[in-house]
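Note sheet for the following structure.
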Amino acid sequence: MNKSRLLALLFVFSFLSKNAMAGEGMWLPFLLKSLNEKEMKSMGMKMNAEDIYSVNKGSLKDAIGHFNGGCTSEIISDQGLLLTNHHCGFGFIQRYSTLEKNYIKEGFWAMDRNEEIPCEGLFVTLISRMEDVTEKVMQGIKKKTKEADRQSIIDKNINALIASLPKEDYEKVTVKPFFKGNQYIAIVTVTYNDIRMVGAPPESIGAFGKDTDNWVWPRHSGDFALFRIYADENNLPAEYSANNKPFKPKHFLPVSLDGVEEGDFTLVFGFPGRTNEYLPSSAVKQIKDVLDPARISIRAAALKIMDNYMRSDDKIKLQYASKFARIANYWKKWQGEVLGLNKSKAVEKKQAYEEKFMKQVNQKRKSKKKYANLLSDTERLYGEIEEVALAREYYNEIFFRNVELFRIANSLTRMLDTYDANGEEAFYKQKARLDGALSGFYKNYNVDIDRDVFGALIEKYHKEIPVTYHPELLKEEMLKTGGDYSILANRIFKYSILTDETQLKKFLETPPGMLRQALSVDHGMKLAMAFSEMYKEQISPQYNELNEQIESNNRTYLKAQMEMFPDGRFYPDANSTLRVAYGNVEGYEPKDAVRYHNKTYLKGIVEKHVDGDYEFDAPDKLLELYESKDFGEYAEDGKLPVNFIGSNHTTGGNSGSPAIDAHGNLIGLNFDRAWEGTMSDINYDRSICRNIMVDIRYVLFIVDKFAGAKHLVDEMKLVHPKK
């Protein structure tokens with residue numbers, strides 16, 4: 001990109017404002033030198049931007065991995081040792097657990113390389129480089145280009161760009177939109193597929209406090225797990241082989257033993273998933289008052305049923321541990337989001353900002369002509385989309401996230417669609433993948449739970465969603481069962497082969513040309529297909545038409561904000577790309593007369609401990625180590641730190657992100673946010689937004705003193721930057 005183009009972009013996306021709170025935002029690492037370095041150093045950073053992101057030498061970015069496409073991980077030794085959250089690796093911990101070797105309950109520690117467990121399907125992606133390609137992507141876009149044509153031109157330009165950008169054979173290029181499609185960045189990556197499980201504490205440490213403590217502070221969780229990247233003899237990506245060697249990274253993170261204090265600089269490096277910081281007030285109000293409450297209500301009903309079964313049966317508890325945690329995670333997050341949006345008066349703030357925006361618009365004839373009706377049109381569109389958006393949320397929550405019978409039905413439907421579109425060869429390839437997945441699915445499936453969840457959620461859908469979005473088959477079934485949802489659930493599950501692995505696999509031997517017709521008489525498939533058709537005909541077209549207009553307006557609104565406030569603080573919303581968030585270690589005041597300190601200690605685990613409790617039963621050995629005060633070199637002033645908080649702006653996807661000190665050393669592991677500040681995805685407020693991190697000294701203590709796996713600590717580079 002030429003120099004004038006870069007300078008123009010830096011002016012348009014001028015992120016540093018005298019009035020903005022220091023540390024807010026999720027920043028592109030390759031622009032830190034121009035946009036953030038000065039502010040970061042004023043907050044205590046001792047590094048340079050080149051130490052964080054460089055394509056000319058090993059830098060922090062070379063130690064940061066996208067873990068299985070959803071979380072973040074970091075390399076902490078020259079042998080490819082990888083650190084992430086326990087909850088990020090939980091699916092694999094569960095997969096390789098049995099009742100005899102229950103790694104969830106007992107933990108897992110490889111005492112040598114031969115004991116490390118290959119994790120089939122797990123991958124880690126590292127970033128080679130990032131570059132702005134906006135000019136090339138936007139070629140051919142004019143002011144009057146229609147929305148559908150605009151996206152078609154952009155897609156064509158991106159495909160050409162991906163084919164032309166220089167890369168190695170083992171690298172991949174993707175192009176991502178930023179600022180709602182006002183900017184585009186090309187990202188070159190390398191993905192490693194031979195990842196092995198090295199160590200994980202028992203769930204009683206890794207998820208101490210479980211759902212009660214989830215999203216809250218103070219916290220006492222050892223939410224970490226260890227894996228290792230393997231590569232071929234040339235240190236390049238390779239599928240699993242016994243001949244592969246531990247990966248040699250360009251950079252790994254040294255580990256600081258000096259701990260943290262109030263005001264210390266913290267940098268969180270990772271792959272935040274999704275934020276919406278620039279929504280208009282009408283959108284925020286709809287989320288707060290309509291969509292979030294619906295999501296909360298649906299998941300609360302499902303979780304209540306699952307919890308009752310899990311508490312009564314250890315086998316079910318093992319089967320459903322991961323599912324329950326996944327569903328409960330955002331259920332509680334949404335509750336905190338609503339709380340925070342109300343507490344911070346987010347809607348009122350947005351409205352005041354919009355008044356200021358319109359005042360600026362009306363002062364200039366040119367901008368008045370372009371933007372005079374922008375916000376009023378957007379508010380009208382959000383009003384029009386509300387009913388169908390609510391129906392869409394219910395559909396997605398029930399048919400994709402909470403009722404497992406429908407997840408199988410959806411997989412079968414995709415397989416049949418593949419046959420219709422691409423023929424038998426593609427069908428049998430997808431069927432082979434499905435056959436493998438079914439065994440894992442049914443291993444952790446309980447038909448009674450699924451039936452009861454189905455009955456509860458279908459009742460909610462039937463009562464709370466307008467009849468416009470009810471498939472005819474649901475109306476017929478309700479008549480047959482006299483409006484009794486329990487009878488309906490029993491009827492559907494009794495006469496569906498989708499609840500039985502053996503029956504379903506036998507049925508899937510039907511020739512593909514006849515399979516759709518054969519499945520269409522199954523009660524579960526019939527209802528799933530009826531809802532799917534209704535969604536395609538009623539919900540999706542209406543929602544997509546309105547949402548396309550909303551997205552176009554929101555893109556224009558963000559561009560207009562930058563024009564009206566050229567000195568304002570703007571940073572791109574998260575979109576699962578590599579970002580830097582910087583802040584400080586600091587406590588906060590969540591409500592009147594309450595002050596939270598920035599750190600918790602092992603003493604807090606002992607105080608919370610309850611023998612036999614599902615959430616707060618700490619392991620005996622941990623309690624013994626506390627009593628003997630056998631903390632090794634990991635204590636401070638005779639106490640063992642567990643967690644700490646900071647003002648880093650994080651979100652989902654930052655799970656597993658390293659917390660890095662002013663010198664570039666690892667001091668902790670990000671795993672959560674404080675409940676009052678989960679609305680930071682929409683409205684960051686430094687006074688209450690806090691990210692929660694495991695103190696790295698607690699990680700080392702558990703590995704060394706609790707697990708007896710000091711060989712893993714010895715593999716790391718331990719440093720004392722403060723001394």
Open item on the list: Quick check for you: which residues of the range 379-396 have the amide N under 15 Å from the point 7 Å beyond the Cα of Glu563 toward its beta carbon?
Closed with: none
Task: Burial order of peptide ranges 24-34, 710-720, 587-597 (average beta-carbon count within 10 Å, highest first) - done: 24-34, 710-720, 587-597
- [ ] Please state the charge dipole magnitude for the chain, taken about the Cα centre, from unit charges on C-beta atoms (+1 on K and R, -1 on D and E), reported in debye and rounded to the nearest 20.
- [x] 2600
Task: Highest-first arrangement of 233-240, 186-193, 139-146, where packing means the average Cβ count within 10 Å - done: 186-193, 233-240, 139-146
Task: Estimated D of the range 633-691 in µm² per second, where Rh is the Kirkwood radius over Cα pairs and Stokes-Einstein applies at 4 °C, 1.567 mPa s - done: 102
- [ ] Would you mind giving the three semi-axes, in whole Å and largest first, of the ellipsoid equivalent to the range 572-613 according to its Cα gyration tensor?
- [x] 31, 19, 11
Open item on the list: Sorting check: for 70-81, 616-627, 508-519, which peptide has the highest mean count of neighbouring beta carbons within 10 Å, and how do the rest follow?
Closed with: 70-81, 616-627, 508-519
- [ ] Return the sequence-ordered ³J(HN,Hα) values of the range 679-692 in whole Hz as given by the Karplus equation 6.51 cos²θ - 1.76 cosθ + 1.60 applied to θ = phi - 60°, using x for Gly and Pro.
- [x] 6, 4, 5, 10, 8, 6, 9, 4, 5, 10, 7, 9, 9, 10
TODO: For every other residue with a beta carbon closer than 9 angstrom to the beta carbon of Gly646, add +1 if it is Lys or Arg and -1 if Asp or Glu, then tell me the sum.
DONE: -1
TODO: Would you kindly compute the Cα radius of gyration of the chain and its largest Cα-Cα separation (Dmax), both in Å?
DONE: 26.2, 76
- [ ] List the relative contact order of the chain as a percent without decimals, with contacts defined as Cα pairs under 8 Å and 6+ residues apart.
- [x] 25
TODO: Grab the Cα-Cα distance for Glu168 and Val610, subtract it from 0.36 nm times how many residues apart they are, and report the gain in nm with one decimal.
DONE: 153.6 nm
Task: Restraint check, Lys33/Lys250; Lys46/Lys349; Lys323/Lys536, Cα-Cα greater than 26 Å - done: Lys46/Lys349; Lys323/Lys536
Open item on the list: With both bridge residues required to lie in the chain, what share of the DSSP beta bridges run antiparallel, to the nearest 5%?
Closed with: 95
Task: Two-decimal ratio, the range 252-348, of alpha-carbon radius of gyration to 2.2 N^0.38 Å - done: 1.51
Task: Two-decimal Rg/Rh across the range 54-253, once Rg and the Kirkwood Rh are taken from alpha-carbon atoms - done: 1.07
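FYI, it's all coordinate maths here, none of it is from the lab. Note that the structure is predicted; figures quoted are calculated from it, not measured. Virtual Cβ from ideal backbone geometry, glycine too; neighbours counted across all protein chains shown.
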